[in-house]
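**Q** Sending over a structure as structure tokens; questions will come in a sec.
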Amino acid sequence: MASSSSSSNSAFRNGSSSAQRPLKPLTASNLKSSSFKSRVHPSHAPLSSFRRSYPSTLSASDDGVLGRVRVAVRLRPRNAEELAADADFADYVELQPELKRLKLRKNNWDADTYEFDDVLTEFASQKRVYEAVAKPVVESVLDGYNGTVMAYGQTGTGKTFTLGHLGEDDTSSRGIMVRAMEDILTEISLETDSVSVSYLQLYMEAVQDLLVPANNNISIVEDPKTGDVSVPGATVAEIRDQQSIVELLRLGEAHRIAANTKLNTESSRSHAILMVKRSFTGGEDALSSEIDNSSHLVKPSKPIVRKSKLVLVDLAGSERVHKSGSEGHMLEEAKSINLSLSALGKCINALAENSSHVPIRDSKLTRLLKDSFGGTARTSLIVTIGPSPRHRGETSSTILFGQRAMKVENMLKIKE
Ligand code: ADP
Ligand code: MG
């Protein structure tokens with residue numbers, strides 16, 4: 001029973017998200033310099049990285065790589081306040097992880113049951129969550145495909161903990177962003193690969209750079225031929241070791257908080273997006289090294305360049321933003337969050353129903369995520385819920401969002 005035990009909650013009560021170390025003075029100019037480079041000598045990369053050379057063709061029939069969006073649900077452990085309100089919690093949410101089922105009790109007799117690709121209880125470790133939700137996506141990025149991991153849910157349910165927690169005091173609590181970068185850096189060879197990162201915030205339909213905050217109106221560009229989406233105006237930091245990703249995420253998080261304090265808003269009102277690009281040069285290209293029969297010579301193989309992208313998205317809180325009573329800036333903010341998350345919802349519905357029109361252009365969020373849903377992309381969604389029956393309404397709408405996303409086939413060609 002999900003709600004019956006409190007033994008796992010000590011880390012939570014003690015504040016596993018406790019204050020992070022003070023920021024190092026990282027600036028725009030040293031982003032491109034030594035702090036993000038070369039702490040690990042290329043020879044430290046294991047030989048196994050060559051296993052990860054790209055396939056020379058990408059085919060939609062590759063088993064296990066493509067398919068529908070995978071969706072996991074994660075229940076946050078109870079916090080101190082919720083533990084104190086113990087009685088109210090009985091039986092509200094019941095997780096059956098072995099059956100990959102979640103039950104939401106409506107009353108004493110009746111419960112709605114939902115199935116997911118993974119059901120992660122309040123006892124699930126960050127490692128377990130990473131392995132269920134992100135690792136398959138990271139592996140396909142290492143194989144040359146684009147991948148996306150998104151966290152969706154009400155504010156306070158653990159989206160940022162799941163994706164962005166740095167775990168500097170306790171490495172076992174590190175979130176998906178740090179773990180993904182660690183896996184990528186372990187698997188590649190820095191002789192043949194480069195890994196670069198941009199960290200963005202999408203707020204009020206503007207793309208802002210979390211690494212260099214002055215850079216706050218970045219355009220989204222789509223390659224007319226390949227359909228690839230990019231943000232060429234964003235700061236790009238080359239990553240060569242794990243410590244530099246932690247520093248970069250810490251810098252971005254501080255800028256996110258600072259920007260939001262200045263605007264008198266909360267980070268839960270913006271989407272945070274970590275965009276990781278991997279570029280591979282070299283390796284054997286099977287097609288270019290075929291034997292030339294007339295001369296009996298082997299043609300020298302041409303170096304190949306292949307690129308793939310991993311996008312990790314900590315979405316704004318999905319709770320209904322009440323427009324009533326809001327004025328001016330607050331009203332505009334409420335509208336834009338409703339706009340981007342509802343555009344995402346509409347695209348997911350349209351894709352799930354194989355509709356002839358997917359309203360990708362309705363918001364910057366969906367424009368940025370366009371290549372997460374089409375072609376050869378692999379996408380995972382984690383929906384986060386809290387244990388309190390007080391948020392029954394928000395919890396059910398989060399669950400329904402996740403259920404609809406499970407119907408999205410990534411192989412569909414997006415029709416706009
Ligand atoms: P969100 O980003 O969805 O608003 P947070 O990630 O900030 O939510 O989580 C809210 C609080 O709950 C934070 O203090 C966070 O550290 C804590 N928390 C969330 N999930 C967990 C978890 N699985 N284990 C321990 N603490 C958690
Ligand atoms: Mg958050």
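Just so it is clear, none of the values below were taken in a lab; they were calculated from the coordinates. Note that the structure is predicted; figures quoted are calculated from it, not measured. Virtual Cβ from ideal backbone geometry, glycine too; neighbours counted across all protein chains shown.
**Q** Could I have the simple spin-label model distance between S356 and D112, label points 7 Å from Cα toward Cβ, reported in nm to one decimal?
**A** Here the answer is 3.1 nm between the modelled labels.
**Q** Could you derive backbone 3J(HN,Hα) for the range 214-220 from the dihedral phi with the Karplus parameters 6.51, -1.76 and 1.60 (θ = phi - 60°), listing whole Hz in sequence and x where the residue is Gly or Pro?
**A** Listing the rounded values in order: 5, 7, 10, 9, 8, 8, 9 Hz.
**Q** Quick check: convex hull over the Cα atoms of the range 89-153, volume per residue in Å³, rounded to an integer? Spell out each step's value before the answer.
**A** On the way: hull volume 7.0 nm³, N = 65.
Here the figure is 108 Å³ per residue.
**Q** Once you compute Rg and the Kirkwood Rh from C-alpha atoms, what is the Rg to Rh ratio for the range 135-243? Don't jump to the answer; show the numbers that get you there.
**A** Numbers: Rg = 15.4 Å, Rh = 15.9 Å.
With Rh from the inverse mean 1/r over Cα pairs, Rg/Rh is 0.97.
**Q** Convert each backbone phi in the range 120-135 into a coupling constant with the Karplus relation 6.51 cos²θ - 1.76 cosθ + 1.60 (shift: θ = phi - 60°), then list the ³J(HN,Hα) values in order as whole Hz, x for Gly and Pro.
**A** Whole-Hz 3J(HN,Hα) from phi for the range 120-135: 10, 7, 5, 8, 5, 6, 4, 5, 4, 5, 4, 5, 6, 9, 9, 4.
**Q** Using each residue's phi in the range 233-245, evaluate 6.51 cos²θ - 1.76 cosθ + 1.60 at θ = phi - 60° and report the 3J(HN,Hα) Karplus result to the nearest Hz, with x for Gly and Pro.
**A** x, 7, 5, 10, 10, 7, 10, 10, 8, 6, 4, 5, 6
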